[in-house]
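Take a look at the structure below.
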Amino acid sequence: MTSKGRELRKEKREEAEKRLRIRLILQKIFELEKIQATENEILNEIETLLTAVPEDERESSREMIQKDRSRRLQIENTLKLDKLFEKFLGKKK
């Protein structure tokens, strides 16, 4: 591996470690503050997102989102972050 390749790999590793630390800290805050996103809230958010999708594609998009575990987790975490910001900053999105 070249010097440039090693440096790039090191940078990417550091970025990944930073993202992981942030994710773990946020998960702990959610746990301590008892911040959760209910299944209903997740489904409502999915429906909100689907309003941007053409009507004839919504059902297939809905099924795709509901089956995609990482997308559902992303939606859930976004909802939790919104609640966290609202709790500490008193602001709604």
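Are there any pairs with C-beta distances below 6 angstrom linking a residue in the stretch 31-46 that is more than 9 Å from GLU76 (Cα to Cα) and touching a residue at least 60 places away in the same chain (Cβ under 8 Å) to a residue that is open to solvent by less than 60 Å² (accessible area, probe 1.4 Å) and acidic (Asp, Glu), with the two at least 6 apart or on different chains, and if so which?
Close Cβ pairs satisfying both conditions: none exist.
Which ranges mark the helices (runs of 4 or more DSSP H) fully within the chain that have 1 or more residues being at positive phi and not aromatic (Phe, Trp, Tyr)?
Answer list for the chain: none.
Filter the stretch 62-93 for residues that are surrounded by fewer than 10 Cβ atoms within 10 Å (Cβ to Cβ) and either among the hydrophobic types (A, V, I, L, M, F, W, C) or under 30 Å from LEU32 (Cβ atoms) (or both) and give the result.
ARG69, SER70, LEU89, GLY90, LYS91, LYS92, LYS93
Quick one: in the stretch 43-61, of everything that is among the charged types (D, E, K, R) and touching a helix residue (DSSP H, G or I) at 6+ places or on another chain (Cβ under 6 Å), which residue is surrounded by the most Cβ atoms within 10 Å (Cβ to Cβ)?
GLU45
So which residues in the stretch 1-42 are within 22 Å of LYS87 (Cα to Cα) and open to solvent by less than 80 Å² (accessible area, probe 1.4 Å)?
Correct list: LEU26, GLN27, ILE29, PHE30, GLU33, ILE35, ALA37, THR38, GLU41, ILE42.
Identify the single condition in (1) touching a Leu at 6+ places or on another chain (Cβ under 7 Å); (2) modelled with pLDDT under 95 that LYS10 does not satisfy, given that it satisfies every other one.
(1)
The values are calculated or read from the model by the stated rules, or taken from the named source; none is laboratory data. Every value quoted in this text rests on a predicted model; they were computed, and no experiment measured them. Neighbour counts are summed over all protein chains in view; Cβ atoms, including those assigned to glycine, are modelled from backbone coordinates with ideal geometry. What goes into the accessible areas is simple: the full protein's heavy atoms, side chains included, and nothing from ligands, DNA or RNA. Shrake-Rupley method; radii C 1.70, N 1.55, O 1.52, S 1.80 Å.
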